[in-house]
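Student: Just passing along the structure, written as structure tokens.
The values are calculated or read from the model by the stated rules, or taken from the named source; none is laboratory data. Just so it is clear, the model here is predicted, and its values are computed rather than measured. Every residue, glycine as well, gets a Cβ built from its backbone with ideal geometry; the counts of neighbours run over all protein chains shown. Note: accessible area is taken over every heavy atom of the protein model, side chains too, but ligands, DNA and RNA are not part of it. Shrake-Rupley method; radii C 1.70, N 1.55, O 1.52, S 1.80 Å.
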Amino acid sequence: MATAPKSTSAANAAPRRQPARDIVDYELLFDCVHCGLCLESCPTYVVTRAEMDSPRGRIYLMKALADGAVALDADALRHLDLCLECRGCETACPSGVRYGKLIERAREYVNRNVRRPPLERLRNWLIASIFPYPERLKILLAPLRAIDRLGMRPLMRRLAPAGMRDWLDLIPPRAAAQPVIQAAAPAADSAPAAVVHHGCVARTLLEAENRNTEGALAAAGYRVVRMERTVCCGALDLHHGNFERAREFARANVRELGRHGGAAILSAASGCSAVLAAYGDLLAGDPEFAAAARAVSAQVADLSTLLLRRNFNFPRGFPAAVTYHDSCHLAHGLGVREEPRRLLRSIPGVELLEMNESDLCCGSAGSYNLTEPAMARELVRRKADNIAATGADYVVLGNPGCELQIAAELRRRGEKIRVMHLADFLALALSGADI
Ligand code: SF4
Ligand code: SF4
């Protein structure tokens with residue numbers, strides 16, 4: 001594939017030639033020594049082989065925009081839009097380039113300065129107005145649930161416009177009852193505490209992951225603190241450059257999470273965990289919340305690390321061939337790679353089969369699969385090829401977005417490989433069931 005797949009809606013940026021210094025934190029650009037060692041870790045470069053779709057190319061572009069050497073026209077915007085913010089380049093970079101910070105700021109600049117075409121604006125407004133609010137998402141999904149009950153999803157899919165089919169495929173069919181982890185006894189008050197942020201999309205589509213994350217923590221001896229109220233972590237707004245609302249969400253979560261000082265904080269969605277871990281940076285300029293946000297960030301942990309810390313073990317075996325997909329924000333954002341693998345290997349009977357490119361983005365990336373469906377589809381096809389080549393029966397991962405994306409592609413192919421969140425897989429292994 002030689003050129004970037006086009007977005008479903010064309011960008012319509014107003015050309016701007018004057019220097020745009022505030023498009024990035026300018027000094028951070030100079031950490032890049034242009035060595036190119038990040039190129040093969042970049043999903044968009046791997047697909048297009050175009051320098052401008054690589055981290056190095058985008059860093060050049062941001063500098064050229066900041067200096068006024070190029071205009072922020074539709075072409076420049078296309079290369080910025082196509083970035084998944086997966087941060088694979090950060091892991092690969094020997095110079096410590098903070099690419100995530102660069103692209104987030106560039107997105108915010110674009111959001112403030114570029115007027116998108118009407119259809120793109122409508123799509124982005126729908127995403128921003130519905131996905132962070134579980135109640136709204138449930139209402140939107142209600143007709144689809146009725147169609148599923150009537151067994152009419154295949155017909156609806158055939159009749160839907162091509163652009164809608166990938167969106168429809170992402171919504172899983174009604175799930176069969178799943179095993180749920182039950183702790184043998186409540187933890188003592190002196191036990192270490194953990195609090196699970198339930199997210200928004202995951203809470204609506206994959207709530208079992210939250211329950212099983214809490215169940216696994218409780219079974220490992222943690223005192224699980226139930227949160228009264230959480231709101232979206234702000235990830236979708238950060239992806240779209242809407243810092244203001246991301247900060248509003250962050251403040252609400254910090255207020256709530258701050259009540260549980262000392263507890264480990266996690267989300268079943270590693271993308272959300274990575275955002276919670278970045279609250280310290282996000283609210284650094286807010287005198288009222290900066291200290292509490294830093295404290296929240298410092299408490300963020302991930303499920304596998306917490307379970308290994310308590311020597312979580314499995315009373316029975318579960319013979320299964322499993323491969324593990326590294327969700328971007330867990331691997332590249334939080335640096336957690338080995339712990340989920342160690343946990344899986346500790347289950348008697350589990351054979352862990354490494355897949356090729358396990359840490360290359362699957363194309364989910366927040367709402368990227370909705371806004372950049374062509375590239376997202378290229379990436380998930382590649383991911384499904386790599387999964388199928390392992391011969392595994394299960395692909396385990398740590399992020400609901402990846403689960404929806406990969407499961408949709410495997411269903412389209414008629415593959416029987418099951419895609420499971422780590423917490424759900426632990427529940428299955430503990431139950432010994434084979435559903
Ligand atoms: S964040 Fe991901 S898609 Fe964007 S430049 Fe880095 S590796 Fe490429
Ligand atoms: S981002 Fe890092 S790895 Fe990529 S070209 Fe720059 S210095 Fe090299």
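Student: Say whether the condition of being among the aliphatic types (A, V, I, L, M), open to solvent by 20 Å² or more (accessible area, probe 1.4 Å) and touching a strand residue (DSSP E or B) at 6+ places or on another chain (Cβ under 7 Å) is met by at least one residue in the stretch 241-257.
Tutor: No: zero hits.
Student: Mind counting the residues in the stretch 92-127 that are among the aliphatic types (A, V, I, L, M) and more than 16 Å from ligand 1 (Cβ to nearest atom)?
Tutor: Final tally of qualifying residues: 5.
Student: Something else about it: Give the residue that is modelled with the lowest pLDDT, with candidates limited to residues of the stretch 12-30 that are in a loop (DSSP other than H, G, I, E, B) and more than 18 Å from Gly241 (Cβ to Cβ).
Tutor: Among those that are in a loop (DSSP other than H, G, I, E, B) and more than 18 Å from Gly241 (Cβ to Cβ), it is Pro15.
Student: Specify the residue that is least open to solvent (accessible area, probe 1.4 Å); the eligible residues are those in the stretch 35-63 that are touching a residue at least 24 places away in the same chain (Cβ under 8 Å), away from ligand 1 (no atom under 11 Å from the Cβ) and outside any helix (DSSP H, G or I).
Tutor: My answer is Ala50.
Student: Of all the residues that make up the stretch 71-89, how many are more than 7 Å from ligand 1 (Cβ to nearest atom) and touching a residue at least 40 places away in the same chain (Cβ under 8 Å)?
Tutor: 10
Student: Among the listed residues Arg245, Arg251, identify the single one that is touching an Asp or Glu at 6+ places or on another chain (Cβ under 6 Å) and not assigned by TED's automatic domain parsing to the domain that holds Leu102.
Tutor: Testing whether each residue is touching an Asp or Glu at 6+ places or on another chain (Cβ under 6 Å) and not assigned by TED's automatic domain parsing to the domain that holds Leu102 leaves just Arg245.
Student: So which of Ser367, Ser327, Ser358 ends up being more than 23 Å from Gly199 (Cβ to Cβ) and in contact (Cβ under 8 Å) with a residue 12 or more places away in the chain?
Tutor: Ser358
Student: Let me ask you something else. Considering only the stretch 210-326, give the strands (runs of 3 or more DSSP E) lying wholly within it that have at least 1 residues that are of a type in the set (Ser, Thr, Tyr).
Tutor: Those strands (runs of 3 or more DSSP E) span 264-267, 320-324.
Student: Moving on to the next point. Being within 15 Å of ligand 2 (Cβ to nearest atom) and either open to solvent by 30 Å² or more (accessible area, probe 1.4 Å) or not hydrophobic (A, V, I, L, M, F, W, C) (or both) is the filter here; which residues of the stretch 94-127 pass it?
Tutor: Across the stretch 94-127, the qualifying residues are Pro94, Ser95, Gly96, Arg98, Tyr99, Gly100, Lys101.
Student: So Val70 passes all but one of these: (1) of a type in the set (Val, Ile, Thr); (2) within 25 Å of the chain's Cα centre (by Cα); (3) more than 11 Å from ligand 2 (Cβ to nearest atom). Which condition number does it fail?
Tutor: (2)
Student: Also: Mind listing whichever residues of the stretch 111-165 are without any contact (Cβ under 8 Å) to a residue 40 or more places away in the chain and polar (S, T, N, Q)?
Tutor: Ser129
Student: Kindly check whether there is at least one residue in the stretch 206-226 that is open to solvent by 10 Å² or more (accessible area, probe 1.4 Å), within 30 Å of Leu77 (Cα to Cα) and not assigned by TED's automatic domain parsing to the domain that holds Pro400.
Tutor: no
Rundown of residues vs (1) open to solvent by less than 20 Å² (accessible area, probe 1.4 Å); (2) charged (D, E, K, R); (3) at pLDDT 95 or above, yes/no style:
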site	(1), (2), (3)
His260	no, no, no
Tyr279	yes, no, yes
Pro287	no, no, yes
Ala291	no, no, yes
Ser304	yes, no, yes
Ala321	yes, no, yes
